[in-house]
Amino acid sequence: MVKIMLYGVRDEEIAMVEAWSLKNDVRVDYTKLNLTPDTVTLAKGYDGVTISQVADLDVSLYSTLASYGIKQVAQRSAGFEMHDLEAANANQLIISNVPSYSPESIAEYAVTAALNLVRKTELIQTKVAEQDFRWMPAIRSRVIQEMTVAVIGVGRIGSRVASIYRGFGARVVAYDIEPREEFADLVEFQSSLQAAIKLADIVTIHMPATPQNYQQFSLDLFKQFKPGAILINTARGPIVHTEALFTALEAGYLVAAALDVYDGEAPYVPVDWRGREMLDPVFQRLISHPQIIYTPHIAYYTDTAVRNLIDSPLDATLDVIRTGDTKLRVN
């Protein structure tokens, strides 16, 4: 019988893993531990491996897995920047991802985060908790229909975000390194990132992390934001220079931000850190900043997405075992 080992499995995923195993007549074992040089031996004797971790993999793991006869590693996320693809290629390992597990989940959350900032719900709830029920300019809102939204990255998720904002009646501009014709009726593509940002009341990021866009949202870029604008990042933490964002908020280059991701999140998300000292001063400042709403990488977190993040990587793993390839490979 085919045997697959899953690393980093959460309790809520176990029933889904077992349902897939029964349906496909494949033995699937799992551990809550991540794939590391200390845990890689758990994969010995298995035909395939899937993982979900966000931290970079130790490059020695690829040769070890290859020595076990394993031909692939299925990443249970859209992002695959934690993999050294050259090292994987050198060891003839196929790396796959899940490019689309629920674009609607992330798109809906990104818009929800923006609405919370626009409608100042956190401030309103604070005042209600204080029994201050006055109407005042501090809690007065704007209307989305009268705003311009810049969608940065118009793919599966970005296009859905654009569609939702169009439903509100907002003007939607966009920037993508490869503008796609099929979305030309949905957004107004701009010639540069800067051109899109200068027009926008809401800037919402939906790009993958690449070496080219590492900390692309820098202080110089924030200085070009439209006065009163807000930033939404439900994409990848490394795209935004966090300390530059602090400076920009304090200088008034933008008024607020909602971040579902952070460059240094790996040790903390998803971990119960209650009662423990926060070791990252930048992260500590981020989660307590009065102009930032932070959430722990949960934009995707719906019933549909969680199920797809189990089924799709297991399908890809089985494809490689049976056919030698998968349409979800990234290397």
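The values are calculated or read from the model by the stated rules, or taken from the named source; none is laboratory data. Being a predicted model, the structure only gives us computed values, none of them experimental. In this analysis, Cβ positions are derived from the backbone assuming ideal geometry, glycine residues included, and neighbour counts consider all displayed protein chains. Surface accessibility is based on the protein's heavy atoms, side chains included, excluding ligands, DNA and RNA. Shrake-Rupley method; radii C 1.70, N 1.55, O 1.52, S 1.80 Å.
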Checklist outcome for this item: The answer for V172, listing residues at least 5 apart or on another chain whose modeled amide H is closer than 5 Å to its amide H, is V149, E188
Next on the checklist: Need the C-alpha centroid separation for the range 178-228 versus the range 12-66, integer Å.
Outcome noted: 37 Å
Checklist entry - HN-Hα J couplings of the range 160-172 from phi, Karplus 6.51/-1.76/1.60, θ = phi - 60°, integer Hz, Gly and Pro as x? => result 6, 4, 4, 4, 5, 5, 4, x, 6, x, 6, 7, 10
Next on the checklist: Could you compute how much accessible surface Y175 exposes when probed at 1.4 Å, giving the result in Å² to the nearest 10?
Outcome noted: 50 Å²
Checklist outcome for this item: Order by accessible surface, 1.4 Å probe, largest leading, for residues D272, D185 comes to D185, D272
Checklist outcome for this item: For Q72, the residues 5 or more places away or on another chain with a placed amide H closer than 5 Å to its own amide H are V49, I94
Checklist entry - A19 versus R322, label points 7 Å from Cα toward the beta carbon: distance in nm? => result 2.0 nm
Checklist entry - Quick one: Karplus J couplings for the range 227-241, per residue in order, coefficients 6.51, -1.76, 1.60, θ = phi - 60°, nearest Hz, x for Gly and Pro? => result x, x, 6, 10, 10, 10, 10, 10, 9, 9, x, x, 5, 10, 7
Next on the checklist: Under 5 Å between amide hydrogens, which residues at least 5 positions from D84 or on another chain qualify, with H placed 1.01 Å from N in the peptide plane?
Outcome noted: L57
Checklist entry - Applying 1/(1 + (r/R0)^6) with R0 = 25 Å to the Cβ-Cβ distance of N34 and S191, what FRET efficiency is obtained, to the nearest 0.05? => result 0.05
Checklist entry - In square nanometres, what is the average projected area of the Cα convex hull of the range 210-268? => result 4.1 nm²
Checklist outcome for this item: So the FRET efficiency between T121 and V330, C-beta based with R0 = 41 Å and rounded to 0.05, is 0.60
Checklist entry - Where the only charges are on Cβ atoms (+1 Lys, Arg; -1 Asp, Glu), what is the dipole of the range 247-331 about its Cα centre, to the nearest 20 debye? => result 60 debye
Item to check | Residues of the chain: accessible area per residue with a 1.4 Å probe, Å² | outcome: 50 Å²
Next on the checklist: Can you sort D260, D11, D84, D280 by solvent-accessible area, 1.4 Å probe, largest first?
Outcome noted: D11, D84, D280, D260
Item to check | With DNA, RNA and ligands ignored, accessible area of K127 (1.4 Å probe; Å², nearest 10) | outcome: 40 Å²
Next on the checklist: If packing is taken as the average number of other Cβ atoms within 10 Å across a peptide's residues, how do 230-237, 304-311, 217-224, 19-26 rank, most packed first?
Outcome noted: 230-237, 304-311, 217-224, 19-26
Checklist outcome for this item: Checked against the structure, the computed mean projected area of the Cα convex hull in nm² among (1) 26.3; (2) 18.9; (3) 32.3 is the one labelled (2)
Checklist outcome for this item: Computed for the range 8-50: size of charge dipole around the Cα centre, +1 on C-beta of each Lys and Arg, -1 on C-beta of each Asp and Glu, debye to nearest 20, value 100 debye
Checklist outcome for this item: Around D38 (Cβ within 15 Å, Cβ-to-Cβ, excluding D38; K/R +1, D/E -1) the net charge comes to +1
Checklist outcome for this item: Ordering F225, F189 by the accessible surface of their heavy atoms, 1.4 Å probe, largest first, yields F189, F225
Checklist entry - Carbon and sulfur atoms: what percent of the 1.4 Å accessible area of the range 203-309 do they account for? => result 54 percent
Checklist outcome for this item: With x for Gly and Pro, the residue-by-residue ³J(HN,Hα) of the range 41-54, computed from phi through the Karplus equation 6.51 cos²θ - 1.76 cosθ + 1.60 at θ = phi - 60° and given in whole Hz, is 4, 5, 7, 5, x, 9, 9, x, 9, 10, 9, 9, 6, 9
